[in-house]
Every structure is written in C-alpha cells, then in structure tokens.
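Worksheet: one structure, shown below.
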Amino acid sequence: MQAQETTFERHYSVDELASIWGVSEDFVRRLFLHEPGVVVFFKHRPGKRTYRTMRIPESVARRVHRRMETSQDAKNHVRSGRIDTHRTVAHAECSQADRVGDAAEDGPTTP
C-alpha cells in the first residue's frame, strides 16, 4: 500500500491497539516495529535511549490481524488433529523410499 493511500486514514497508537486487542503494549510494539506502512517517529540522542512513537494505520492493523488469524487457524487445525503434519511428512517420506527401493529391486526397466 502506498503512503498516499494511508496518509489520511485512521492511525492507532500502540496503547490504543493494545487495549482494543487485549494484548500488552510491548507485544504490539514488537509486532509492528518492522511492519511496512507503520509510521515511526524517533529521536536519537547519542549515549541515551532512543524514544519511538509509533502510529499504525488501520489498514496495516487489519492486515496484521488477518495474518495472525490465519496463522492461529492453522495452528488450531494441527492441534485438533485435522492436520497432522508430522504423520503426513513421515508417510510421504516412507512412501517415496518404498517406491525407490522397489524400483532398485526390480532392476532397470527396458522399453
């Protein structure tokens, strides 16, 4: 999303989003620090702590929230047993090894 598109949309502060989502301010800061589209104002003073003020456009907050929902849905599927990635991968590896072993036992094939 280009800067022009987010310039005049609603921007949230870290504490506003933390309150809305029910998470800590530190979590929101870490989540959005390197997220494209977030506005970060900072004042660097040599030898002293750097203070940052973050403003998160609504569209960026929605994008991250969707990404977190999708990630959480995938984790829930794995935990509920609907998708068992370890068994699937192990089964695929065994099946492939069986096919390779069977082909080696049969010898070279001629047309």
Checklist entry - Which FRET efficiency value, to the nearest 0.05, is calculated for residue 48 and residue 8 with the Förster distance at 25 angstrom and r the Cβ-Cβ distance? => result 0.15
Checklist outcome for this item: What the 10 Å binned alpha carbon P(r) of the stretch 1-47 shows, as percent of pairs per bin from 0, is 22, 46, 28, 4
Next on the checklist: If I model a spin label as a point 7 Å beyond the Cα along the Cα-Cβ vector, how far apart are those points for residue 34 and residue 68 in nm?
Outcome noted: 1.8
Checklist entry - What order, most packed first, do the peptides 24-30, 42-48, 57-63 have when packing is the mean number of other Cβ atoms within 10 Å of each residue? => result 57-63, 24-30, 42-48
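Rule-based calculations on the coordinates, nothing more; no lab input. Bear in mind the structure is a predicted one, so any value in this text is a computation, not a measurement. No Cβ is skipped: glycine too gets one built from the backbone with ideal geometry, and neighbour counts run over all protein chains shown.
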